[in-house]
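Visitor: Before anything else, here's the structure in question.
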Amino acid sequence: MKSRSCWLIFTLIGLTLTSCGQPKSSQEIAETVKKSIVLISYQNESGHGTGFIVPGKTGVCTVLTARHVVEGRSLNLQTDDQKLHKTASIQTSPNLDLAMVTFPSAGEKCPYPSLTFGDSDSVKVEDKISIRGFPDRGGDKLVQFRAGGDVAALDVMPEGYGISYEAPNVYGGFSGGPVLDTSGKVVAVHGQTDTQLVAILDSQQASLSSQQQTVLKQAAARVAGGVQINTYKWGIPIKTYLANQSWEN
């Protein structure tokens, strides 16, 4: 427990020190993050999602992703070097759409680099962001892809969602991937589209605050209008993950 507390303290210190990074080109960001992105597929069904390497325990590599990507499934994990890894553990948050997956490391230290956390509290509307992941290519070989976007709103919603962004080129398969600021630091975990969020929260309206109900109605109107279907996306701020790690063993 002490080592876990120390790790969290150093992580938060690192978050503070790295929150003011200089903007990088999309190529620079790609080179920095590509070795940390993990393709998550399934042993007994079609479909896939994305995850990314984060700091964790010794002897394993730790992958952060969305809970709905992994829950109730047998996983295949593939790193950027095309190696397949056997899942060691899957831990899911009870109240956030987040999950941690581990796979064994040959040594005490994971050979794949962890992504650097940014400061999600400093994100503002109209900020430029990018999402890394593996979009569904209709049967073609899955390749890592970057999709750009702009922050549209900052609203606290159920399951940890708190950042929405206009990103029309983010398709199925990106779920669980990192949302990056212009310096290549993680500010959120990508999770849902407007359409998916409306479907999830429609039955929970009685438990939503008035502000959350307003946000839900706005999302539902966008979906019903058809013009912006699947344009607005939602992510869980990385600070929400850092502040809610009690579900991890």
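Visitor: Among the residues of the range 184-199, which ones are surrounded by 24 or more Cβ atoms within 10 Å (Cβ to Cβ) and more than 23 Å from Gly118 (Cα to Cα)?
Guide: The answer is Leu197, and nothing else.
Visitor: Something else: Answer yes or no: is there a residue in the range 212-227 that is at pLDDT below 90, over 21 Å from Pro135 (Cβ atoms) and outside any helix (DSSP H, G or I).
Guide: yes
Visitor: If you take the residues of the range 90-105 that are under 12 Å from Leu64 (Cα atoms) and among the hydroxyl-bearing types (Ser, Thr, Tyr), which of them is surrounded by the fewest Cβ atoms within 10 Å (Cβ to Cβ)?
Guide: Ranking the candidates gives Thr92 first.
Visitor: Still on this structure, please answer the following. Select, from Asp121, Asp80, the only residue that is acidic (Asp, Glu) and under 21 Å from Ala147 (Cα atoms).
Guide: Result of the check over Asp121, Asp80: Asp80.
Visitor: Looking only at the range 179-198, count how many residues are in contact (Cβ under 8 Å) with a residue 40 or more places away in the chain and not in a loop (DSSP other than H, G, I, E, B).
Guide: 12
Visitor: Under 8 Å between Cβ atoms, which residue pairs at least 6 apart in sequence (or on different chains) link something in the range 152-178 that is closer than 19 Å to Val63 by Cβ and modelled with pLDDT under 95 with a partner that is assigned to a loop (DSSP other than H, G, I, E, B) and aromatic (Phe, Trp, Tyr)?
Guide: From the range 152-178, the pairs are Gly173/Phe134; Phe174/Phe134.
The values are calculated or read from the model by the stated rules, or taken from the named source; none is laboratory data. Only a predicted model underlies this, so the values are computations on that prediction, with no experimental measurement involved. Ideal geometry is used to build each Cβ from the backbone, glycine not excepted, and the neighbour counts take in all protein chains shown.
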